[in-house]
1. Can you check what the net charge comes to around S139, using other residues whose Cβ is under 10 Å from the Cβ of S139 (Lys, Arg +1; Asp, Glu -1)?
2. Each residue of the stretch 174-185 in turn: what ³J(HN,Hα) in whole Hz from Karplus with 6.51, -1.76, 1.60 and θ = phi - 60°, glycine and Pro shown as x?
3. Below 10 angstrom from the Cβ of I166, what's the summed charge of the other residues (Lys, Arg +1; Asp, Glu -1)?
4. Hey, rough spin-label estimate for D112 and T254, points 7 angstrom out along Cα→Cβ, what's it come to in nanometres?
5. Leaving out ligands, DNA and RNA, what percent of the accessible area of the stretch 43-260 is carbon and sulfur, probe 1.4 Å?
6. Let me check I have the definition right: for the stretch 43-260, take the eigenvalues of the Cα gyration tensor, multiply each by 5, take square roots. What are those semi-axes in whole Å, largest first?
7. Determine the shape class of the stretch 108-190: with a ≥ b ≥ c the square roots of the Cα gyration tensor eigenvalues, call it rounded for a/c under 1.5, and otherwise prolate if a/b is greater than b/c, oblate otherwise.
Amino acid sequence: MAWSLGWKVPRNHWGLLLKTIRGSGFLLLPWGYCPWRRTGSFLDHGMKAFLEENTEITSSGSLTPEIQLRLLTPRCKFWWERADLWPHSDPYWAIYWPGGQALSRYLLDNPDVVRGKSVLDIGSGCGATAIAAKKSGASRVLANDIDPIAGLAITLNCELNQLDPIPILTKNILNLEQDKWELVVLGDMFYDEDLADSLHQWLKNCFWTYGTRVLIGDPGRPQFSGHSIQHQLHKIVEYSLPEATRKENNGLTTSTVWDFRP
């Protein structure tokens, strides 16, 4: 696809720098609910059909081959099209980012981390980490992503993995009153300095108010490795990324799961 995810990891063959659009969201989705049903069947069925036609079901090339996902791949038409031909908001959800891969792998390998617990996945994207938490026995999972289309993609990915739809919050959770969660997970979210600062403060408040455990996945982006949060992190595990993920992320070779301890 002829676009570049500039604030995350650009692909060498994508030319146009995408604008950063993440800022605010709209709906809280209960079990099995999609936002397009409020605006008629066209958006409900039409958007679902569009995503099914323009993504590929894949489980290869990532750290979690046991999770199937609908992603944008070189076999998809829009991978090669000009960015302005994509008719919806920028599809960050269509990439399985390396920080999310590391988090998902860790939860699948260590189900005791989530079993019987409430889990919030911030910046859920394709929903892989939320799916990993649910598959590992979490009692309650909420996927947070401000793009409503990501919400539908997550629902489709739950179906692929024989799971009931995971509730999805499409508001900017940093602007809401904090709720109690036993575990918060977030991958690839430290891509912007201002957002990193806001996340840092929000996560500290979550930890101090509720004793929430926080796990962060990141492949070593400078906005994360150079942030003051580094002084409050404990390294849990570092994974070597599969070759396909390395190529898609400008040669990044590893991704790490960190335990946040302010």
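The values are calculated or read from the model by the stated rules, or taken from the named source; none is laboratory data. Everything numeric in this text was worked out from a predicted model, so none of it was measured. Cβ placement follows ideal geometry from the backbone for every residue including glycine, while neighbour counts extend to all protein chains displayed. Just so you know, the surface numbers come from the protein's heavy atoms only, side chains and all, with ligands and any DNA or RNA stripped out. Shrake-Rupley method; radii C 1.70, N 1.55, O 1.52, S 1.80 Å.
1. The answer is +3.
2. Karplus-based 3J(HN,Hα) across the stretch 174-185 equals 5, 9, 9, 5, 6, 9, 8, 10, 7, 9, 10, 10 Hz.
3. 0
4. In this crude spin-label approximation the distance works out to 2.5 nm.
5. On the stretch 43-260, the fraction of accessible area on carbon and sulfur atoms equals 47 percent.
6. Equivalent ellipsoid semi-axes, largest first: 26, 20, 18 Å.
7. Taking the square roots of the gyration eigenvalues as a ≥ b ≥ c, the stretch 108-190 is oblate.
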